[in-house]
Amino acid sequence: MIFKYNSILNIDQIQNLTKIKQLRILDFGCGYGAWSQKDIKKKYVKKITLYDKNKKLIKFLKKKYYQKKVSINFDFKDIIRKKNYNLVIMSSVIQYINIVKLKELIETISRNKKQLLIIIADIPILSRPSEFILLPFFNLKRFFFVFRMIFNEDYKKINYFLHKKHELNFLKKKFNVKLIENIHDLKYIRYSLILRLK
């Protein structure tokens with residue numbers, strides 16, 4: 001994410017959804033960090049690895065997350081080689097990845113794993129203009145943030161892919177897929193998926 005809006009992820013909610021007793025999380029597309037200091041201290045959180053392709057975030061994240069439990073690693077090949085995660089969170093990410101690259105990414109992340117859960121959160125249902133019109137009714141703060149971003153030249157250059165639910169059916173070959181309400185603040189115009197390796 002090149003912009004600085006993100007809601008805090010609730011680690012208790014995630015732990016209840018996944019039923020994983022010892023969370024080793026890969027936060028793929030972490031942006032400015034969606035983890036509270038309080039949640040990082042929870043006993044069942046063993047490790048959180050933050051990854052984003054925007055290397056400009058490293059300095060900011062190192063100041064924000066100084067705990068031993070948090071690893072900031074923007075070398076994706078190194079992360080995949082180590083494979084020391086049992087939960088991958090992709091929050092507000094897939095709308096910026098085309099379907100071909102998304103398939104490759106999911107395959108890479110899950111390759112040679114026996115147990116893995118992936119939460120894909122904050123998946124848009126509507127096109128950007130339609131969502132923008134409805135946004136004030138669901139989250140005024142996010143609406144004003146998006147309104148400012150409309151004029152950001154970097155944001156305008158970002159490709160945006162609206163993945164229809166049927167386009168994500170490829171996930172069912174390798175995962176048990178559960179559709180849930182969004183784990184972020186936009187509960188009715190975005191949704192989340194939980195993928196559990198078969």
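The values are calculated or read from the model by the stated rules, or taken from the named source; none is laboratory data. Here the structure is a predicted model, which is why all the values come from computation and not from measurement. All Cβ positions, glycine included, derive from the backbone under ideal geometry; neighbour counts span all protein chains shown. To get the accessible areas, we keep the full protein, side chains included, count just its heavy atoms, and leave off ligands, DNA and RNA. Shrake-Rupley method; radii C 1.70, N 1.55, O 1.52, S 1.80 Å.
Structure notes:
- Considering region 102-127, the residues that are of a type in the set (Ser, Thr, Tyr) and open to solvent by 10 Å² or more (accessible area, probe 1.4 Å) include one that is nearest to the chain's Cα centre (by Cα), namely Thr108.
- Only one entry in Ile118, Ile123 is part of a strand (DSSP E or B) and more than 16 Å from Arg190 (Cβ to Cβ), namely Ile118.
- Selection within region 80-95: residues that are more than 12 Å from the chain's Cα centre (by Cα) and at pLDDT below 95. The member of this set that is most open to solvent (accessible area, probe 1.4 Å) is Arg81.
- Checklist (1) within 23 Å of Gln13 (Cα to Cα); (2) part of a helix (DSSP H, G or I) applied to Ile79, failing item: (1)
- Test result for Asn98, within 29 Å of Lys174 (Cα to Cα) and at pLDDT below 90: no
- All positions within region 12-52 that are of a type in the set (A, V, I, L, M) and either open to solvent by less than 20 Å² (accessible area, probe 1.4 Å) or closer than 25 Å to Asp78 by Cβ (or both): Ile14, Ile20, Leu23, Ile25, Leu26, Ala34, Ile40, Val45, Ile48, Leu50
- Selection from region 30-51 of residues that are part of a strand (DSSP E or B) and basic (Lys, Arg): Lys46, Lys47
- Asp27 being among the acidic types (Asp, Glu), under 18 Å from the mean Cα position of the chain (by Cα) and outside any strand (DSSP E or B): no
- Residues in region 136-152 include at least one that is aromatic (Phe, Trp, Tyr) and either in contact with a Pro (Cβ under 7 Å, 6 or more places away or on another chain) or not in a helix (DSSP H, G or I) (or both).
- Scanning region 53-76 for residues that are open to solvent by less than 40 Å² (accessible area, probe 1.4 Å) and in a loop (DSSP other than H, G, I, E, B), we see that the one that is farthest from Leu105 (Cα to Cα) is Gln67.
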